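Asker: Would you mind keeping the following structure in view while I ask a few things?
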Amino acid sequence: MSSNGSRPRDHSVQSVDRAVSILQVLAAQGPCGVTEIAEALGIHKSTVFRLLATLESRGMVEQKSERGRYRIGYTVVELAGGASKVNDLSALSHPVCQELAAAVGDTVNVAIREGDDVISIDQAIGASIMSIDWVGRRTPIHATSAGKLFLAHMTPDEVEDIFAKGQQKHTPHTIVDPASLAAELDGVRERGYAVSLEEHEIGLAAIAAPIHDLNGRIIAAITLSGPTFRINEDTIPGLAEQLLAAGAKVSWRRGYVKRG
């Protein structure tokens with residue numbers, strides 16, 4: 001134990017965190033060896049081996065047909081049977097949204113794609129008095145930050161099909177030219193987040209970060225929206241960093257593997 005007594009506690013929390021990540025790798029990839037798990041998580045093989053030994057002793061993982069390759073154990077199945085049947089994304093994400101909204105003062109939403117639209121399924125409102133209730137509302141996929149995030153991870157044919165229908169220009173800033181959109185989507189993929197500056201409504205800006213499922217697919221977006229005098233080119237980098245962290249936190253709750 002260190003002189004301040006904090007390191008053993010921190011180490012044990014990290015071990016639990018990594019043990020959960022090991023279970024997530026096995027759930028996503030199927031039976032794996034120590035080396036595969038270590039590479040997937042970016043941690044040392046000796047650490048993986050030690051954690052696997054503990055998990056195996058509790059029936060959380062098992063080795064059967066081939067020694068040295070691990071798979072999810074029956075104890076995990078039993079634990080899953082006791083989980084709530086309401087595995088609702090909005091319920092999982094809401095505490096994270098509330099925390100972020102309180103920190104930044106603006107509105108945080110979780111949105112999903114439905115066809116050519118984006119639908120907000122949860123919302124947390126910050127201290128700002130300028131807020132809109134977006135829950136249940138449909139917004140256009142091409143003119144919103146969440147929509148551009150989804151478009152950036154769709155196939156070129158899917159994007160072309162959407163734009164072939166003709167897209168409405170909601171404001172002078174709405175991108176409706178396919179070539180301009182393609183360049184915008186390249187930027188989204190490079191940054192890891194999407195931005196909409198007055199493209200849906202004048203005076204409104206928004207940022208969107210991905211929420212991943214167990215297999216790494218983007219299943220939703222977490223967004224931050226507010227007036228352009230608070231969300232703009234100067235403030236977006238710092239706000240996006242917080243939003244990406246919130247999206248990662250929701251993703252981990254959904255089973256996405258946490259590295260490190």
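The values are calculated or read from the model by the stated rules, or taken from the named source; none is laboratory data. Fair warning: this is a prediction, and the values are worked out from it, not measured in the lab. In this analysis, Cβ positions are derived from the backbone assuming ideal geometry, glycine residues included, and neighbour counts consider all displayed protein chains.
Asker: Taking His173 and the conditions (1) at pLDDT 90 or above; (2) buried (at least 19 other Cβ atoms within 10 Å of the Cβ), which numbered condition does it fall short on, given that it satisfies the others?
Answerer: His173 satisfies every listed condition except (2).
Asker: Determine which single condition Arg230 fails, assuming it passes every other condition in (1) in a helix (DSSP H, G or I); (2) among the charged types (D, E, K, R); (3) in contact (Cβ under 8 Å) with a residue 24 or more places away in the chain.
Answerer: Of everything listed in (1) in a helix (DSSP H, G or I); (2) among the charged types (D, E, K, R); (3) in contact (Cβ under 8 Å) with a residue 24 or more places away in the chain, Arg230 misses just condition (1).
Asker: Looking at the range 28-50 only, could you name the residues that are over 19 Å from Lys249 (Cβ atoms), touching a residue at least 12 places away in the same chain (Cβ under 8 Å) and part of a helix (DSSP H, G or I)?
Answerer: Residues satisfying the conditions are Val34, Ile37, Ala40, Thr47, Val48, Phe49.
Asker: If the requirement is being of a type in the set (Ser, Thr, Tyr), modelled with pLDDT of 90 or more and part of a helix (DSSP H, G or I), which of these qualifies: Ser93, Ser15, Ser21?
Answerer: Only one candidate qualifies: Ser21.
Asker: Could you look through the range 151-178, keep only residues that are touching a Leu at 6+ places or on another chain (Cβ under 9 Å) and outside any loop (DSSP other than H, G, I, E, B), and pick out the one that is farthest from Ile112 (Cα to Cα)?
Answerer: Among residues in the range 151-178 that are touching a Leu at 6+ places or on another chain (Cβ under 9 Å) and outside any loop (DSSP other than H, G, I, E, B), the one farthest from Ile112 (Cα to Cα) is Phe163.
Asker: Still on this structure, please answer the following. Ala205 - would you say it is assigned by TED's automatic domain parsing to the domain that holds Leu244, under 16 Å from the mean Cα position of the chain (by Cα), modelled with pLDDT of 90 or more and crowded, with 16+ Cβ neighbours inside 10 Å?
Answerer: Spelling it out, it is not the case that Ala205 is assigned by TED's automatic domain parsing to the domain that holds Leu244, under 16 Å from the mean Cα position of the chain (by Cα), modelled with pLDDT of 90 or more and crowded, with 16+ Cβ neighbours inside 10 Å.
Asker: Which numbered condition trips up Pro237, out of (1) at pLDDT 90 or above; (2) crowded, with 18+ Cβ neighbours inside 10 Å?
Answerer: So the condition that Pro237 fails would be (2).
Asker: If we scan the range 217-227, do we find a residue that is outside any loop (DSSP other than H, G, I, E, B), touching a residue at least 40 places away in the same chain (Cβ under 8 Å) and of a type in the set (S, T, N, Q)?
Answerer: Looking through the range 217-227, at least one residue is outside any loop (DSSP other than H, G, I, E, B), touching a residue at least 40 places away in the same chain (Cβ under 8 Å) and of a type in the set (S, T, N, Q).
Asker: Any idea which residue in the range 59-90 is surrounded by the most Cβ atoms within 10 Å (Cβ to Cβ), counting only those that are closer than 30 Å to Asn109 by Cα and at pLDDT 65 or above?
Answerer: The qualifying residue surrounded by the most Cβ atoms within 10 Å (Cβ to Cβ) is Leu89.
Asker: Then there's this: Return the residues of the range 144-170 that are surrounded by 19 or more Cβ atoms within 10 Å (Cβ to Cβ) and under 21 Å from the mean Cα position of the chain (by Cα); say none if nothing qualifies.
Answerer: Thr144, Ser145, Ala146, Gly147, Lys148, Leu149, Phe150, Leu151, Ala152
Asker: Something else about it: Test Met130 against the stated conditions and say whether it is at pLDDT below 80 and either of a type in the set (A, V, I, L, M) or not assigned by TED's automatic domain parsing to the domain that holds Ser93 (or both).
Answerer: In short, yes.
Asker: Looking at Leu185, Leu244, Leu181, which one is buried (at least 17 other Cβ atoms within 10 Å of the Cβ), at pLDDT 95 or above and part of a helix (DSSP H, G or I)?
Answerer: Criteria check complete, one pass: Leu244.
Asker: To continue, here is another question. Given the conditions (1) at pLDDT 90 or above; (2) over 20 Å from Asp186 (Cβ atoms); (3) touching a helix residue (DSSP H, G or I) at 6+ places or on another chain (Cβ under 9 Å), and given that Ala101 satisfies all but one, which numbered condition is not satisfied?
Answerer: Against the list (1) at pLDDT 90 or above; (2) over 20 Å from Asp186 (Cβ atoms); (3) touching a helix residue (DSSP H, G or I) at 6+ places or on another chain (Cβ under 9 Å), Ala101 comes up short only on (3).
Asker: Just the residues that are surrounded by 20 or more Cβ atoms within 10 Å (Cβ to Cβ) and closer than 22 Å to Asn232 by Cβ, please, taken from the range 98-117.
Answerer: Leu100, Ala101, Val104, Asp106, Thr107, Val108, Asn109, Ala111
Asker: Taking Leu214 as the residue in question, decide whether it is of a type in the set (A, V, I, L, M, F, W, C) and part of a loop (DSSP other than H, G, I, E, B).
Answerer: yes
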